[in-house]
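**Q** This is the structure I have questions about; it appears just below.
Nothing in this text is a laboratory measurement; each read-out follows from the coordinates by a stated rule. Treat the numbers as computed from the prediction; the structure is a model and nothing was measured. A quick note on method: Cβ atoms are made from the backbone with ideal geometry, for glycine too, and the neighbour counts reach across all protein chains shown.
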Amino acid sequence: MNLKDQILSDIKAAMKAKQADKLRVLRSIKAKLMEKEISERKGGEGSLSDEQATEVLMKAAKQRKESIEQYELGGREDLADAEKEELKIIESYLPDMMDEDEIRKIARKKIEELGASEMSDMGKVMGVLMQELKGKADGSLISSVVKEELSS
């Protein structure tokens, strides 16, 4: 079962179980997936691959993380907690993300392969790493690791 079908199935299950919060989150994800599907259509029917669906989910997770940060800065723990619950639901559909140590090993290897040694090489390294780690690691974590490696 692909990711989109899994989400649709879980929407039905959440309706039956009367899980209003989970249902709201899943419906918003479904809407985002449909938007992406429509934008990707070329002359008729088209469906999203699991990779494209994962991109949509990662973007939604990133938005939730940014919202949590803003709510916490503003002292709105109630709203931050609600966003954290939504984030848990979204992350349950995402593949396990790589940790910092795994990213660091790959980043060091790529920096060595590309002969990068200065911060001005960051764009070159990031381009390669983002393609390689797409859907497997958080972009902001990759960026911070590459900055650390190039500045040391």
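**Q** Just to compare against my own numbers: the Cα pair-distance distribution for region 3-91, 5 Å bins, whole % per bin, please.
**A** Whole-percent P(r) values from 0 Å outward: 3, 14, 22, 21, 17, 13, 7, 3, 1, 0.
**Q** Could you let me know the centre-to-centre spacing of region 1-52 and region 82-110, using Cα atoms, in angstrom?
**A** 21
**Q** Could you give the angle, 0 to 90 degrees to the nearest 10, between helix 20-40's Cα long axis and the longest principal axis of the Cα atoms of the chain?
**A** Rounded to the nearest ten degrees, it is 60.
**Q** Still on this structure, please answer the following. For region 9-64, which GluC sites (Glu not before Pro) are both in a DSSP coil and crowded by at most 15 other Cβ atoms within 10 Å?
**A** When the GluC sites (Glu not before Pro) of region 9-64 are filtered for loop state and at most 15 Cβ neighbours within 10 Å, Glu45 remain.
**Q** Additional query: May I ask you to list the trypsin sites (Lys or Arg not before Pro) in region 120-152 that are in a DSSP loop and have at most 14 other Cβ atoms within 10 Å of their Cβ?
**A** Those that pass, being in a loop and sparsely packed, are Lys134.
**Q** Can you list, largest first and rounded to whole Å, the semi-axes you get for region 100-151 by taking the square root of 5 times each eigenvalue of its Cα gyration tensor?
**A** In descending order the semi-axes read 15, 11, 10 Å.
**Q** Express the relative contact order of region 100-151 as a whole percentage, based on alpha carbon pairs under 8 Å and six or more residues apart in sequence.
**A** RCO, region 100-151: 50 percent.
**Q** Evaluate the relative contact order of the chain (contact order divided by residue number), counting alpha-carbon pairs under 8 angstrom at least 6 apart; express in whole percent.
**A** 19
**Q** Would you mind checking which residues have amide H under 5 Å from Asp138's amide H? H placed 1.01 Å from N; only 5 or more apart, or other chain.
**A** Those lying under 5 Å, H to H, from Asp138 are Met98.
**Q** Let me ask something additional. On a 0 to 90° scale, report how tilted helix 139-151 is relative to the longest principal axis of the chain, with both axes built from alpha carbons and the result rounded to the nearest 10.
**A** Tilt relative to the chain: about 10 degrees.
**Q** Also, quick follow-up: Hey, which of these cross-link pairs are over 23 Å Cα-Cα: Lys22/Lys42; Lys12/Lys136; Lys18/Lys59; Lys36/Lys110; Lys62/Lys134; Lys65/Lys110?
**A** From Lys22/Lys42; Lys12/Lys136; Lys18/Lys59; Lys36/Lys110; Lys62/Lys134; Lys65/Lys110, over 23 Å: Lys22/Lys42; Lys12/Lys136; Lys18/Lys59; Lys36/Lys110; Lys65/Lys110.
**Q** Based on the Cβ-Cβ distance of Asp50 and Met130, what FRET efficiency does E = 1/(1 + (r/R0)^6) give at R0 = 22 Å, to the nearest 0.05?
**A** The value I calculate is 0.75.
**Q** Give the share of C-alpha pairs in each 10 angstrom bin for the chain, from 0 to the last occupied bin, in whole percents, shortest bins first.
**A** With a bin width of 10 Å, the distribution comes to 10, 31, 30, 22, 7, 1.
**Q** Before rounding to the nearest 500, sum -39500 (n - 2.57) across all DSSP H runs of length at least 4 in the chain and divide by the residue total; then give [θ] at 222 nm in deg cm²/dmol.
**A** Dividing the helical sum by the residues of the chain leaves -24500 deg cm²/dmol.
**Q** Per-residue counts of other Cβ atoms within 10 Å, averaged by peptide: what ranking do you get for 89-95, 67-73, highest first?
**A** 89-95, 67-73
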